[in-house]
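Notes to accompany the following structure.
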Amino acid sequence: MYTAIDSAAFATLSLFPCREVVMSPDQPKPNPKGRGSHLRLPNRFETVRTEPDFEQCVYDEELLAELDHCETEYFADQSQTVVSENDSPDISFRYSLNPYRGCAHGCSYCYARPTHEYLGFNAALDFETRIMVKHEAAALLRTFLSRPKWVPETIVMSGVTDCYQPAERRFRITRQCLEVALEARQAIGIITKNALVLRDLDLLREMASMDLVHVSISITTLDADLAHTMEPRTSTPAARLRAIRELSEAGIPVRVMAAPIIPGLNDREIPAILEAVAAAGARAASYTLLRLPLTVKPVFLEWLERTQPLARERIEGLILATHGGKYNNSKFGERMRGAGEIAKQISKIFRVFKAKHHLDGDLPAYNHAAFRPPRSTSGQMRLF
């Protein structure tokens, strides 16, 4: 389903949420296929919520089947700018471009989930099923790069939601932005966990020949079953390794991001992950530790209880131990790495195996000197 709405319509949407509820134990619970979250959390900014009562319908198989059916909807994003700027000391880049808001990958741990609440949606199923599409992203990027005051600097796609999520197959917004970047010789960093990035190998190869692009592939596990439940609509671990291999063979610098490391769940895979990605051709590796801010916490903990019931208590305890007894530590310098002995152990293991597999170097420097303003689509020529 595709629906175009403007910002004024969000208030109307939020008044009529689809089964916006965390079910009580005696009511049928939704079991949406292929989704990371099974919750319909209330939006933390709204004072009114609806809670349907299905107590009289527990034997209605048709209704229960409907609860399990959750289609992805796309909405037109009317943003007038597309490049965002951040000044966080924990982030290695200043500028980012996100073609989509929300992400159908449905990763249970995704730190971007709370951003959907600013749109009147919820951070659970809405984040995975109601995707905002920035149709004008390429045109807005062209306008941004044409500004006389733009000093060439790397722009990262995507700093929030995945630029190669399933919507990209249909809308091709990321590819359009790469075409503008190539024309302008604009340096681009890409962060993704989807092998769909290989579709744009032609553009990436040409950009790499001018030192204009790096690709960061996120790999959290080599266990296909775990990936299927934790990151239900992403590429399989094998497909991501194949993407690393094909990108590397094409001369495109690849970094691997083991993000997030979840203590007690995938931290034991660090040596195997680093060995596998090095064999595939990755040149560098980094990691972040799981953190559960705001509405990420209930989504992940529900997933943990549902999929890892025997290990839940141990994993939850280890998560708390890496953040000073909390689920999230927002302190700069610690929020991505954690604190305490367990966090130090994870850091040491990662550092040792990164060095063993020669993943502790830097990727080639970006070539900012090649930048040239993109041509105007208005027909107006530049004076300088």
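The values are calculated or read from the model by the stated rules, or taken from the named source; none is laboratory data. Keep in mind the model is a prediction, meaning the values are calculated, not measured. Note: ideal-geometry Cβ built from the backbone for every residue, glycine included; neighbour counts use all protein chains shown.
Worth a mention:
- Residues within region 161-181 that are out of contact with any helix residue (DSSP H, G or I) (no Cβ under 6 Å at 6 or more places or on another chain) and either among the aliphatic types (A, V, I, L, M) or part of a helix (DSSP H, G or I) (or both), tallied: 6
- Screening Gly333 against (1) within 24 Å of the chain's Cα centre (by Cα); (2) on the phi < 0 side of the Ramachandran plot leaves a single unmet condition, (2).
- Scoring Lys354 on the criteria (1) surrounded by 20 or more Cβ atoms within 10 Å (Cβ to Cβ); (2) within 30 Å of Glu128 (Cα to Cα) leaves a single failure, condition (2).
- Ile349 falls short of the stated requirement of being under 30 Å from Arg40 (Cβ atoms) and assigned to a helix (DSSP H, G or I).
- Test: residue in region 299-312 that is aliphatic (A, V, I, L, M), in contact (Cβ under 8 Å) with a residue 12 or more places away in the chain, crowded, with 16+ Cβ neighbours inside 10 Å and closer than 22 Å to Ile191 by Cα: no
- Residue count for region 327-351, restricted to those that are under 14 Å from Gly264 (Cβ atoms), out of contact with any helix residue (DSSP H, G or I) (no Cβ under 7 Å at 6 or more places or on another chain) and buried (at least 17 other Cβ atoms within 10 Å of the Cβ): 2
- Checked across region 73-90, the condition of being closer than 17 Å to Ala259 by Cβ, of a type in the set (D, E, K, R), at pLDDT 95 or above and surrounded by 15 or more Cβ atoms within 10 Å (Cβ to Cβ) holds for no residue.
- Test for Arg170: is it surrounded by fewer than 18 Cβ atoms within 10 Å (Cβ to Cβ) and more than 30 Å from Pro298 (Cβ to Cβ): yes
- Check on Arg199, in a helix (DSSP H, G or I) and either out of contact with any strand residue (DSSP E or B) (no Cβ under 7 Å at 6 or more places or on another chain) or surrounded by fewer than 22 Cβ atoms within 10 Å (Cβ to Cβ) (or both): yes
- Some residue of region 113-132 being outside any helix (DSSP H, G or I), farther than 24 Å from Phe171 by Cβ and in contact with a Gly (Cβ under 8 Å, 6 or more places away or on another chain): no
- Only one of the numbered conditions (1) over 22 Å from Arg255 (Cα atoms); (2) hydroxyl-bearing (Ser, Thr, Tyr); (3) touching a helix residue (DSSP H, G or I) at 6+ places or on another chain (Cβ under 8 Å) is violated by Tyr118, and that is (3).
- Qualifying residue in region 202-209 (condition: in a strand (DSSP E or B), surrounded by 21 or more Cβ atoms within 10 Å (Cβ to Cβ) and in contact with a strand residue (DSSP E or B) (Cβ under 6 Å, 6 or more places away or on another chain)): no
- Between Ile252, Ile244, the distinction of being more than 20 Å from the chain's Cα centre (by Cα) and more than 27 Å from Ala343 (Cα to Cα) belongs to Ile252 only.
- Entry remark, region 182-196: residues being part of a loop (DSSP other than H, G, I, E, B) and surrounded by 21 or more Cβ atoms within 10 Å (Cβ to Cβ) number 4 in total.
To keep it simple, each residue is scored yes or no on (1) in contact with a Ser or Thr (Cβ under 7 Å, 6 or more places away or on another chain); (2) of a type in the set (S, T, N, Q).
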| residue | (1), (2) |
| --- | --- |
| His135 | no, no |
| Val151 | no, no |
| Asp162 | yes, no |
| Ala167 | no, no |
| Gln176 | no, yes |
| Glu179 | no, no |
| Leu182 | no, no |
| Arg185 | no, no |
| Met207 | no, no |
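- Selection of region 136-158 for residues being crowded, with 21+ Cβ neighbours inside 10 Å and in a loop (DSSP other than H, G, I, E, B) yields only Ser158.
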